[in-house]
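Notes to accompany the following structure.
The values are calculated or read from the model by the stated rules, or taken from the named source; none is laboratory data. Please read all numbers here as calculations on a predicted model, not as lab measurements. Note: ideal-geometry Cβ built from the backbone for every residue, glycine included; neighbour counts use all protein chains shown.
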Amino acid sequence: MRAPLAEFIREFIVSGTREGLADVRARGKVGGRPTVVNPDIVRAARDMLPDPDHSITLIAKLPRGEPPHPRSAEASRTNQVTPRPRTLAHPGRRPA
């Protein structure tokens, strides 16, 4: 008895979400994450593909712009990963 009701409520929520997203798109807003690769980088990668001197690994390392998270941005600028702070797994115990 609960499953059909739960399915109905889910479909109701999904339809409302889709209508809301369509309304926002109609007003000219673009949703989702911002693109990382711009058309110039795509063009450069496509130009490099036919050349046997450029490997896929080299092409994949093309610059992609600024990472969205500040910690990622700092790591990419300094070319190193910032260590996470150590936390206790259980109160009163030291981490291994």
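Among the residues of segment 31-45, those identified as out of contact with any helix residue (DSSP H, G or I) (no Cβ under 9 Å at 6 or more places or on another chain) and not hydroxyl-bearing (Ser, Thr, Tyr) are Gly32, Arg33, Pro34, Val36, Asn38, Pro39, Asp40, Ile41, Val42, Arg43. Among all residues of segment 77-90, there is none that is of a type in the set (A, V, I, L, M, F, W, C) and at pLDDT 85 or above. Among the residues making up segment 3-28, a single one is outside any helix (DSSP H, G or I) and either at pLDDT 95 or above or more than 24 Å from the chain's Cα centre (by Cα) (or both): Arg27.
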